[in-house]
Each structure stands twice: as structure tokens, then as C-alpha cells.
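> Okay, here's the structure, questions in a sec.
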Amino acid sequence: MSDDDVVRTGRDSAATRRSLVKAARRRFATDGYRATTVRQIAADAGVNVALINRYFVSKEGLFEACMLSTSDELDIEMRTPSTTVDEVITKMLAHLVHGPDRDDPLQLLLLLRSSGDDAADAARRRVLLQFARGIATVAGHEPDDPRSQPFLLRAELAISMLLGIVMLRSSSAAVEPLAGAGPADLEGPLRAALRALLAEG
């Protein structure tokens with residue numbers, strides 16, 4: 001049995017889940033939450049629509065899985081104890097200077113505009129807050145220390161800057177010269193701006 005057959009029949013649950021999440025992320029990012037149907041996602045993944053119910057219970061459950069995978073991609077390196085602000089900035093810049101890419105997690109967060117579904121919108125807010133908390137913690141935020149509270153705001157400002165840049169570099173907005181700027185043009189100014197927001201101390 002080929003790999004495609006294994007996914008199509010759902011016999012490899014991990015591979016089938018990954019295939020469905022990948023297909024769903026692209027659909028949600030392109031068409032938005034409300035316009036996307038589970039039948040479209042299943043067809044894109046090449047699986048029976050019943051497998052969505054088996055693995056995710058519902059469209060909402062699949063959306064939540066997409067947001068969690070996005071959070072993992074953005075945040076996994078933030079959780080390593082040795083991470084420094086400069087390492088975090090380097091990882092954040094990697095999502096910007098080599099884009100735009102519709103599969104990039106920042107692109108997904110940007111394009112997932114208000115869905116009209118309270119649960120879906122809450123999931124997106126949770127992911128953004130988790131990402132911001134991960135960045136703020138590396139910068140020096142401690143939940144029980146009032147003096148470190150500004151780091152959470154700074155982390156959210158940094159994320160807002162990233163999402164704005166992704167938007168202006170996307171094909172739908174394409175504002176020049178930003179849209180056509182290369183890594184050498186972006187790296188220095190963005191690193192300086194992020195350091196100003198997130199520098200420890």
C-alpha cells in the first residue's frame with residue numbers, strides 16, 4: 001500500500017492528521033473560516049470526510065488543531081531554556097525575510113480574519129497570546145513581578161509589527177519597496193527595531 005493510500009484510508013492516523021491539518025490551514029488562510037467546508041478540506045487532503053470527524057470531531061476541532069500547529073511552529077524554539085532575546089529575534093526574522101509564503105504560520109494568522117465564529121476567534125486569540133507570552137518570558141517577563149509586565153506589551157507590539165510586515169509583503173497588498181526587499185535590506189533595520197522592543201534589562 002502506498003503512502004497516499006495509507007493516508008486516504010486513515011490507517012496511519014498521524015500521517016492522516018498531518019495531511020488534514022495542512023490542507024485545512026491552506027483553506028482557512030485562503031478562504032477564511034466561514035467559507036471553508038470540511039468536504040473541501042477532505043478533498044484537498046484526498047481522504048474521506050468522515051476521517052475529519054474521527055480525528056477532530058468537527059470543523060471547529062480541526063481549526064483548533066490548525067491553530068495549535070501554528071502555535072507550535074512559532075513557539076517551540078521559545079520554550080528551550082537556553083533561548084536568548086537575540087536567538088528569538090533571529091527565529092522571528094526567519095519568518096519574515098524569506099517570505100511571503102502562504103504556508104508560513106504568520107501568514108496564516110494574518111489571513112485568518114474574523115471568522116464570525118466565537119470559538120474560532122477565541123482559538124486565534126489564544127495562539128497569539130501564547131506566542132506573545134513565550135517571547136515576553138524570554139525577554140524577562142515574570143507573571144508575578146509587576147515590574148516585568150511591560151514585556152508582555154512589548155512582545156505584542158513586536159508581533160503586531162511582524163504581522164504588519166507580512167501583510168505589506170503579501171501578494172494582495174504588495175507595498176513597494178517593502179514587498180520586494182530582500183534579506184539583506186530587512187535584517188538590519190528589523191533586528192534593531194526588535195532589539196529596542198525586547199532587549200533585556
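The values are calculated or read from the model by the stated rules, or taken from the named source; none is laboratory data. Predicted model, so just to flag it, every value in this text is computed and none were measured. Glycine also receives a Cβ, built like all others from the backbone with ideal geometry; neighbour counts cover every protein chain displayed. In case anyone asks, the SASA skips ligands and DNA or RNA and just uses the protein heavy atoms, side chains included. Shrake-Rupley method; radii C 1.70, N 1.55, O 1.52, S 1.80 Å.
> Can you tell me which residues in the range 138-187 are in a loop (DSSP other than H, G, I, E, B), among the acidic types (Asp, Glu) and open to solvent by 50 Å² or more (accessible area, probe 1.4 Å)?
Matches in the range 138-187: Glu142, Asp144, Glu176.
> Cβ-Cβ distance below 7 Å, separation of 6 or more or different chains: which pairs start in the range 176-194 with a residue that is of a type outside the set (S, T, N, Q) and end on one that is in a helix (DSSP H, G or I) and open to solvent by 40 Å² or more (accessible area, probe 1.4 Å)?
Leu178/Leu168; Ala179/Leu168; Ala193/Met161
> Mind checking which residues of the range 37-84 are hydrophobic (A, V, I, L, M, F, W, C), open to solvent by 60 Å² or more (accessible area, probe 1.4 Å), over 17 Å from Arg26 (Cβ atoms) and at pLDDT 75 or above?
Val57
> Considering the range 148-161 alone, what residues qualify as being within 15 Å of Leu129 (Cβ to Cβ) and either basic (Lys, Arg) or at pLDDT below 90 (or both)?
Gln149, Arg154, Ile159, Ser160
> Shifting gears a bit: Give me the pairs: first residue in the range 15-28 and within 10 Å of Cys66 (Cβ to Cβ), second residue hydroxyl-bearing (Ser, Thr, Tyr), beta-carbon distance under 7 Å, and six or more apart or on different chains, which are they?
Hits for this filter: Leu20/Tyr55; Val21/Ser69; Arg27/Thr36; Phe28/Thr36.
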